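Chemist: I'd like to ask you about the structure that follows.
Each reported figure results from applying straightforward, stated rules to the coordinates on display, with no laboratory input. Quantities reported herein were computed from a predicted structural model and do not represent experimental measurements. Please note: Cβ atoms are built from the backbone with ideal geometry, for glycine as well, and neighbour counts cover all protein chains shown.
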2 protein chains.
Amino acid sequence: MKYYGGIDLGGTNSKIGILDENGNIIYSTIVKTESNLGYKETIKKLSDCLKVGLDENKINYDDFISLGMGVPGPTVNKSTVIMWANFPWPENLNLANEFENQLSKPVYIDNDVNIITLGELWVGAAKGYKNVLGMAIGTGIGGAVVVNGEIISGKNGASGEIGHIPLEKKGRLCGCGKRGCFEAYASATGIERIAKDRLEVNKNNMLYNLTKDRDIEAKDVFECAKQGDKLSMDIVEETAEYLAMGIGTALSILDSDIVVMGGGVALAGEFLTDKIKKYLPDYLMTSIEKNVEIKIAELGNNAGIYGAAYLAMQSKK
Amino acid sequence: MKYYGGIDLGGTNSKIGILDENGNIIYSTIVKTESNLGYKETIKKLSDCLKVGLDENKINYDDFISLGMGVPGPTVNKSTVIMWANFPWPENLNLANEFENQLSKPVYIDNDVNIITLGELWVGAAKGYKNVLGMAIGTGIGGAVVVNGEIISGKNGASGEIGHIPLEKKGRLCGCGKRGCFEAYASATGIERIAKDRLEVNKNNMLYNLTKDRDIEAKDVFECAKQGDKLSMDIVEETAEYLAMGIGTALSILDSDIVVMGGGVALAGEFLTDKIKKYLPDYLMTSIEKNVEIKIAELGNNAGIYGAAYLAMQSKK
């Protein structure tokens with residue numbers, strides 16, 4: 001049996017997994033990333049943890065083929081991270097090389113949303129498909145484009161940046177500095193901003209009563225909408241329409257086999273996807289729209305290690 | 001030397017070419033398509049023309065490897081045309097099979113905008129690139145997505161349908177029946193509609209004087225704008241902004257190496273692309289926008305036979 005390592009490098013914690021070639025998790029553990037100590041320290045620690053896992057499971061080092069890793073930033077050549085979201089690590093860092101020096105095995109790196117989507121492709125919601133649009137709808141909206149079973153990374157490591165599709169000319173300000181971006185409307189953050197704004201002027205509703213003593217979260221809006229709160233229902237309808245517009249845009253270009261939605265907002269499940277499908281005919285040609293399939297991601301917190309191990313398995317140096 | 005056939009199947013005329021493996025056109029001719037006589041007649045005629053070309057150039061039939069063809073409609077599996085734009089031919093027609101029966105050589109088929117983009121990739125503006133966004137801006141806006149040197153066709157043969165990206169919620173009506181599509185604004189037809197509409201209420205301008213006795217064409221608008229006509233300049237600026245929005249959208253998803261613009265509107269050249277680049281920072285993340293390259297297509301009317309021959313050359317059964 002062949003084994004692959006998968007690491008999900010996170011801002012606070014990192015998840016380390018060892019998987020066999022059939023997609024079974026043989027070992028997994030979580031460690032503090034401590035990026036403030038510098039990338040060499042983090043790589044050393046993660047490599048040591050991997051070796052412990054191999055030892056504990058009596059896996060011969062020759063049967064450990066390669067390592068994959070998902071990182072929070074755009075990457076190119078499955079090796080180089082162009083810039084880091086919230087890590088004090090250098091730009092254009094060839095992290096694969098650094099890891100290879102520790103492990104003496106091939107190492108492959110890609111953006112975390114890309115990696116999650118590869119996980120869903122291997123053993124999750126997109127299993128059996130070859131062309132996938134992956135979406136992670138949380139603080140922002142991340143995206144991943146799989147073509148013929150492989151991620152496309154893009155010239156600048158930035159393919160799949162669907163959160164920054166411009167949906168409204170001169171629209172809401174986005175965290176990226178531009179206006180009208182998809183994620184300014186339909187991310188959890190976007191939903192929370194819209195809700196907060198409306199509750200300023202309308203306090204006669206369930207959402208206000210639920211959240212008056214604390215911060216609003218997107219899931220509160222979905223919860224109240226499910227219970228029939230008019231203000232919350234309106235926000236969910238508008239969110240679903242923007243999601244239809246964003247998905248319609250991406251599918252007009254990609255005509256993917258399937259859309260897999262993950263992240264906190266996707267936890268709203270069919271309550272949300274049914275509404276998206278209702279609006280989709282307004283934003284997508286009939287020839288594509290009639291065959292659209294939208295699924296909710298299945299792998300949860302393990303998606304990263306599944307996807308990273310699969311990247312390793314499908315790559316060659 | 002190996003030789004490949006390339007056919008550009010058009011509504012009125014079809015172009016037939018024989019190219020060598022280095023991309024030289026050895027033979028080319030134009031015949032009436034006469035689709036009204038049925039697909040079997042057209043295929044027979046095109047096959048006969050190809051054979052004449054091979055004979056005239058004393059090309060051994062063993063050295064003629066395969067045939068590629070661009071068709072006006074969405075295709076799947078490089079063989080089957082899902083539906084025809086203005087041809088009285090059956091839906092889901094496996095045209096490759098029909099041709100193979102005539103020629104006893106492998107035949108590969110793809111959508112005409114995809115084929116033109118492959119031509120530019122082989123010997124034109126995108127030579128040397130692997131990931132290309134092709135655009136054909138004329139009556140509508142067609143698109144083509146090349147990833148790792150190959151066209152992606154999509155689940156429904158409809159990938160690259162960038163003309164139907166929704167740019168405006170509840171915007172202008174498009175020929176497809178939806179509202180707010182990219183091509184309703186920035187195609188030649190879109191530009192002409194906008195110009196006609198404005199000339200209804202403003203006749204004190206160069207564009208009105210030039211076109212008062214005939215139909216407006218998009219190129220009149222560009223011509224008058226170049227000469228400083230204020231009304232025309234405004235339309236060109238607005239068109240460039242929509243083009244920036246559409247290109248920004250596509251590149252947010254694809255992060256392609258290069259954009260190649262063809263079709264009548266692209267003949268405006270740098271006068272137009274310079275304006276598009278001016279608006280691009282409003283619609284595309286800095287990390288992608290700073291490296292954007294937009295080129296005008298180079299192959300003109302021969303793009304179709306170049307691309308079709310290249311499809312044949314890069315494909316295997």
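Chemist: In whole angstrom, how far apart do the alpha carbon centroids of the stretch B:43-83 and the stretch A:96-170 sit?
Modeler: Taking the Cα centre of the stretch A:96-170 as reference, the centre of the stretch B:43-83 is 38 Å away.
Chemist: Separate question: Between A:T286 and B:K230, what is the label-point separation in nm under the 7 Å Cα-to-beta-carbon projection?
Modeler: For the pair B:K230/A:T286, the computed spacing is 4.5 nm.
Chemist: OK, next. How charged is the neighbourhood of B:I305? Take every other residue with its Cβ under 12 Å from the Cβ of B:I305, and add Lys/Arg as +1 and Asp/Glu as -1.
Modeler: That works out to -1.
Chemist: Going 7 Å from the Cα of B:N36 along its beta-carbon direction, which residues of the stretch B:52-93 have the amide nitrogen within less than 16 Å of the resulting point?
Modeler: Taking a point 7 Å out along Cα→Cβ of B:N36, the residues of the stretch B:52-93 whose backbone N falls under 16 Å are B:86-89.
Chemist: Using a cut-off of 15 Å between beta-carbons, work out the net charge of the residues near A:K51 (Lys and Arg +1, Asp and Glu -1, A:K51 not included).
Modeler: Working: positive: A:K44, A:K45, A:K58, A:K105; negative: A:D48, A:D55, A:E56, A:D62, A:D63, A:E100.
Once positives and negatives cancel, what remains is -2.
Chemist: Mind listing the phi-derived Karplus ³J(HN,Hα) values for the stretch A:136-142, rounded to whole Hz, using 6.51, -1.76 and 1.60 with θ = phi - 60°, and x for any glycine or proline?
Modeler: Those phi angles translate into 10, 9, x, 3, x, 10, x Hz.
Chemist: Which of these, B:C176, B:C49, B:C224, has the largest mean-square fluctuation under a Gaussian network model of chain B (Cα springs below 10 Å)?
Modeler: B:C176
Chemist: Nearest 20 debye, what's the magnitude of the dipole of chain B about its Cα centre given +1 on Lys and Arg Cβ and -1 on Asp and Glu Cβ? Can you show the working numbers first?
Modeler: Working: 34 positive and 41 negative charges, 86 e Å.
Roughly 420 debye, rounded to the nearest 20.
Chemist: Output the antiparallel fraction of DSSP beta bridges having both residues in the stretch B:128-297, as a percent to the nearest 5. Write down the numbers at each step before the final one.
Modeler: On the way: 10 of 18 bridges.
That works out to approximately 55 percent antiparallel.
Chemist: Then there's this: Alpha carbon centre of the stretch B:183-222 versus the stretch A:217-260: separation in Å?
Modeler: Going from one Cα centre to the other spans 39 Å.
Chemist: Also: Using DSSP to call loops (not H, G, I, E or B), can you name the chymotrypsin sites (Phe, Trp or Tyr not before Pro) in the stretch A:36-107 whose Cβ has at most 14 other Cβ atoms within 10 angstrom? Display every interim value, and only then the final one.
Modeler: Details: sites: A:Y39, A:Y61, A:F64, A:W84, A:F99; in loops: A:W84.
Qualifying residues, ordered by number: none.
Chemist: For a quick check, take a GNM of chain B with Cα springs below 10 Å and name the residue from B:K78, B:K105, B:K212 with the largest mean-square fluctuation.
Modeler: It is B:K212.
Chemist: Could you tell me the calculated FRET efficiency between A:D274 and A:K219, based on Cβ-Cβ distance and R0 = 22 angstrom, to the nearest 0.05?
Modeler: 0.80
Chemist: Is the C-alpha gyration tensor of the stretch A:128-297 telling us rounded, prolate or oblate? Criteria: a/c under 1.5 is rounded; beyond that, a/b larger than b/c is prolate, otherwise oblate. Each step should come with its number before you reach the end.
Modeler: Working: a/c = 2.05, a/b = 1.64, b/c = 1.24.
Verdict is prolate for the stretch A:128-297.
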